[in-house]
Amino acid sequence: MTAATEGLAPDGKGTAPRAGVVLAATGVKKAYRGGDGSRIEVLDGVDLTVARGEMVAVVGASGAGKSTFLHVLGALDRPDAGEVMLGGVETRTASDEALAELRNRTVGFVFQFHHLLKEFSALENVMMPLRIAEVPAGEARARAESLLERVGLAARRHHRPSELSGGEQQRAAVARALAGRPPLLLADEPSGNLDHHNAERLHDLFAELTGEMSVGLVVVTHNRSLAARAGRILHLEDGRLQPVTAAEGGV
């Protein structure tokens, strides 16, 4: 069994095992109006289930709706139809307040741009979501220092983003995303702005942390090397997800 096909269900829809499920999307639809007023179906009945300790890569052409899909999975946007179960909550019908609390509690986000706060150190950036969640300062600091050590930034914890390399900034962003111990991590082209060496280091980190911290990871990427590290590779095209086989080459 290959990395690209491991864990696929017989129906070929890319559905993971039910044990330890952290995310379940069923029949998800999302559409927008084009500039000419026509309806554009971005997601057309998408199914995806993700378990703890599982890394899933979503690939596809630019404009296929991969980022939209990630936003719907992470409750940054609501589906038009279908169901997204996240932390036991159905996101389409939940209130805005409930979704905000749900995101803070259950999802860590890593984007192509690190979005670190430039006036704060790496340590303070990682502590930030914990302090917002009213975690005591001592516990927040200890957790942030532990995560920065794990991502190789212990010696750089007092440096501001402008004093860090691109790879270091993105690793700090990963530590921040994991600070709240979310069961689900969503990453959108996380290595898109990195050189090969730093990208490979980040890819290794994602693969290692998924298992070590028992989180479910869904990563949108054009990078073949990152996709190859996933237990499953799924291709989004014409609003549908299809499994990618090893013979198809991934990205």
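By a straight-distance test (C-alpha under 15 Å), which aspartates and glutamates pair with Lys30 as possible cross-link partners, with residues fewer than eight away in the same chain excluded? Partners found: Glu41, Asp44, Asp47, Asp77, Asp80, Glu83, Glu237, Asp238. Which percent of the Cα-Cα distances in segment 76-119 go past 16 Å? Roughly 46 percent, rounded to a whole number. About the centre of its Cα atoms, segment 190-246 shows a dipole size close to 140 debye [charges on the beta carbon of Lys, Arg (+1) and Asp, Glu (-1) only; nearest 20 debye]. Histogrammed with a bin width of 5 Å, the alpha carbon distances of segment 179-233 distribute as 4, 19, 33, 26, 13, 4 percent, first bin at zero. Here the gap between Glu134 and Arg181, fully extended at 0.36 nm per residue and compared with their Cα-Cα distance, gives a gain of 15.5 nm. Ordered from longest to shortest, the equivalent ellipsoid semi-axes for segment 122-251 are 29, 17, 12 Å, each the square root of 5 times a Cα gyration tensor eigenvalue. Using a 7 Å offset from Cα along Cα-Cβ at Lys29, what residues in segment 79-94 end up with backbone N under 16 Å from the label point? Inside the label zone: 79-84, 92-93.
The sum of -39500 (n - 2.57) across all DSSP H runs of n ≥ 4, divided by the residue count of the chain, sets its helix-only mean residue ellipticity at 222 nm to -9500 deg cm²/dmol. The slack between Arg224 and Glu212, meaning 0.36 nm per residue of separation minus the straight C-alpha distance, is 2.0 nm. Peptides 54-67, 171-184, 32-45 ranked from most to least packed give 171-184, 54-67, 32-45, packing being the mean of other C-beta atoms within 10 angstrom over each peptide's residues. The distance between label points at Arg160 and Arg39 comes to 5.0 nm (points 7 Å beyond Cα on the Cα→Cβ vector). Over every Cα atom in segment 151-194, the radius of gyration and the widest Cα-Cα span, Dmax, amount to 11.1, 31 Å. Descending by average beta-carbon neighbour count within 10 Å, the peptides 24-31, 153-160 line up as 24-31, 153-160, the highest first. Distance between the 7 Å Cα→Cβ label points at Asp80 and Arg105: 3.0 nm. Roughly what would the spin-label model give for Thr245 and Val21, points 7 Å off Cα along C-beta, in nm? Using points 7 Å along Cα→Cβ, the separation is 2.7 nm. Placing +1 on each Lys and Arg Cβ and -1 on each Asp and Glu Cβ, with no other charges, gives the chain a dipole about its Cα centre of roughly 320 debye.
Global size of the chain: 17.9, 55 Å for Rg and Dmax (C-alpha atoms, Rg to one decimal, Dmax whole). Note on the chain: antiparallel DSSP beta bridges, both residues inside, total approximately 55 percent of the bridges counted.
Expressed per residue, the C-alpha convex hull volume of segment 41-116 stands at 121 Å³. Residues whose amide H comes within less than 5 Å of that of Gly45, counting only those at least five positions distant or on another chain, are Val28, Lys29, Lys30 (H built at 1.01 Å from N in the peptide plane).
Taken together, the values in this text are just the output of simple stated rules run on the coordinates, not laboratory data. The structure displayed is predicted, hence computed values, not measured ones. Backbone-built Cβ (ideal geometry, glycine too); neighbour counts: all protein chains shown.
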